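*Asks:* The structure's right below; bear with me while I get my questions together.
The values are calculated or read from the model by the stated rules, or taken from the named source; none is laboratory data. Remember, predicted model here, so these are calculated numbers, not experimental data. Cβ sites come from the backbone with ideal geometry, for glycine too, and all protein chains shown count toward neighbours. The area values use the complete protein model at the heavy-atom level, side chains included, leaving out ligands, DNA and RNA. Shrake-Rupley method; radii C 1.70, N 1.55, O 1.52, S 1.80 Å.
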Amino acid sequence: MFASLKASPADPILGLLAKYNQDTNPKKIDLGVGVYKNEGGETTVLNCVKKAEQHRTDTETSKVYLGPTGSTLFNTEMSKLIFGENHKVLNENRARTVSTPGGTGALRVAAEFIKSCKAGATIWVSNPTWANHTGLFEAAGLTVKTYPYYDYENKTLDFDGMLAALKQVSADDAVLFHACCHNPSGMDLNNEQWQQVAELAQSVGFLPVIDMAYQGFGQGLNEDAYGLRLMAESVDETVVCSSCSKNFGLYRERIGACTVIGATSLQADIAYSVVLAVVRVIYSMPPAHGAALVETILTSDELRNEWYVELAQMRDRINGNRQLIVDKLIENGVTRDFSFITKQAGMFSFLGITPEQVQQLQDEYSIYMVGSSRMSIAGIANSNVDYLAQSIAKVL
Ligand code: LMR
């Protein structure tokens with residue numbers, strides 16, 4: 001049976017990491033995969049997570065199955081984190097959350113759920129979007145189409161193009177939005193633009209699916225959820241996929257959440273039963289360890305406050321790196337305007353160089369970024385920024 005197989009190409013993001021790991025150049029810089037790194041280039045375990053792990057070791061009494069829904073305490077705490085304590089959908093008991101294996105697991109559950117609502121449904125994704133979105137949705141049997149989003153030439157949002165395209169979407173379609181820290185462009189909607197998009201969702205009637213993989217990495221936990229909360233308030237039905245990989249640094253633990261919001265509490269119950277059936281046939285039940293850590297942190301005043309501080313440190317370092325690289329490029333005689341990098345948010349920005357220049361940075365300078373010139377800003381550090389800016393200046 002295997003004889004007819006053709007080898008799959010390496011994943012554009014994860015394949016890059018494998019190449020970086022093999023590179024023996026001591027000056028190598030990893031601007032590829034979207035993981036937070038500290039000044040020393042390390043992705044360490046957060047202190048609040050270490051303490052929560054200790055607490056779990058001391059208090060856990062059973063590893064018995066939790067069922068497809070995962071931990072109900074985690075689900076409740078996550079829905080408060082996503083929507084804020086007093087959101088309409090929580091007060092009206094219209095949101096149902098399941099724990100999932102990471103944000104990708106949440107997206108796959110969402111995709112299978114949408115397929116259960118309508119076989120062969122179309123989901124619209126931003127152009128560009130996270131490299132895995134299209135494959136993931138297509139693997140679940142959805143049709144993927146794109147709406148304009150990033151204006152590569154002017155390094156800004158093509159908001160008019162986006163609105164015009166979304167006006168043409170059918171009421172039976174789903175539309176994927178990035179809640180914040182757009183991956184790969186770093187270009188987010190402002191609050192006024194979110195209002196226009198929410199009004200459009202209401203009038204056209206499509207299903208908003210919101211991917212929030214970086215809550216807290218842009219402006220702050222509440223600020224980053226502004227558009228999501230507004231959207232969920234404005235329309236009857238929404239699906240939210242969220243991740244604890246980045247903001248809790250729990251990458252390999254694979255913990256995220258998928259939330260479905262129904263028009264009524266009864267409809268939410270029905271949708272939830274479908275979500276549970278979907279989960280059961282794809283992975284049966286989510287892993288529990290990451291969820292246990294997150295719920296321990298969120299229900300302890302001390303650990304929660306420590307998390308706020310650690311999250312702010314990560315956010316501030318990334319934002320600082322944005323200014324740092326722009327300043328260093330100027331210092332190294334680059335005349336092209338890169339100031340757009342400081343106006344974007346979250347883990348990524350496009351540098352805006354050609355694929356050949358990206359390849360040259362990799363081959364000649366051991367600087368790794370995705371072929372689209374997406375840079376993971378967290379990989380920049382005081383210790384490597386001069387070399388980075390000099391190398392970019394040379395390839396330009
Ligand atoms: C990224 O975009 O680099 C991250 O979301 C990691 C991944 O799984 O692709």
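*Asks:* Residues of segment 1-32 being surrounded by 10 or more Cβ atoms within 10 Å (Cβ to Cβ), assigned to a loop (DSSP other than H, G, I, E, B) and of a type in the set (D, E, K, R), which ones?
*Replies:* If the condition is that a residue be surrounded by 10 or more Cβ atoms within 10 Å (Cβ to Cβ), assigned to a loop (DSSP other than H, G, I, E, B) and of a type in the set (D, E, K, R), then Asp11, Asp23, Lys27, Lys28 are the ones that fit.
*Asks:* Assuming Val35 fulfils every condition listed in (1) open to solvent by less than 50 Å² (accessible area, probe 1.4 Å); (2) over 30 Å from Leu303 (Cα atoms) apart from one, which condition is it?
*Replies:* (2)
*Asks:* Another question about this same structure. Just the residues that are assigned to a helix (DSSP H, G or I) and surrounded by fewer than 18 Cβ atoms within 10 Å (Cβ to Cβ), please, taken from segment 263-273.
*Replies:* The answer is Ser265, Leu266, Gln267, Asp269, Ile270, Ser273.
*Asks:* Another one. Which members of segment 354-380 meet the condition of being in a loop (DSSP other than H, G, I, E, B), open to solvent by 20 Å² or more (accessible area, probe 1.4 Å) and without any contact (Cβ under 8 Å) to a residue 24 or more places away in the chain?
*Replies:* Listed by number, the list holds a single entry, Thr354.
*Asks:* Quick one: would you say Ser383 is surrounded by fewer than 16 Cβ atoms within 10 Å (Cβ to Cβ), in contact (Cβ under 8 Å) with a residue 40 or more places away in the chain and assigned to a loop (DSSP other than H, G, I, E, B)?
*Replies:* The answer is yes for Ser383.
*Asks:* Within segment 50-61, identify whether any single residue is closer than 15 Å to Ala291 by Cα, outside any loop (DSSP other than H, G, I, E, B) and open to solvent by less than 40 Å² (accessible area, probe 1.4 Å), and answer yes or no.
*Replies:* Scanning segment 50-61 turns up at least one residue that is closer than 15 Å to Ala291 by Cα, outside any loop (DSSP other than H, G, I, E, B) and open to solvent by less than 40 Å² (accessible area, probe 1.4 Å).
*Asks:* So how many residues does segment 183-206 have that are under 22 Å from the mean Cα position of the chain (by Cα) and of a type in the set (S, T, N, Q)?
*Replies:* Of the residues in segment 183-206, 6 are under 22 Å from the mean Cα position of the chain (by Cα) and of a type in the set (S, T, N, Q).
*Asks:* State all residues of segment 39-52 that are more than 21 Å from the chain's Cα centre (by Cα) and closer than 22 Å to Leu221 by Cβ; if no residue qualifies, say none.
*Replies:* Result: Asn47, Cys48, Lys50, Lys51, Ala52.
*Asks:* Could you count how many residues in segment 6-40 are more than 16 Å from the ligand (Cβ to nearest atom) and touching a residue at least 24 places away in the same chain (Cβ under 8 Å)?
*Replies:* Qualifying residue count, segment 6-40: 7.
*Asks:* Another one. Is there any pair linking a residue in segment 304-331 that is within 21 Å of Ala389 (Cα to Cα) to one that is acidic (Asp, Glu), with Cβ under 8 Å and at least six apart or on different chains, and which?
*Replies:* That search, which allows pairs on different chains as well, returns Arg317/Glu39; Lys328/Asp386.
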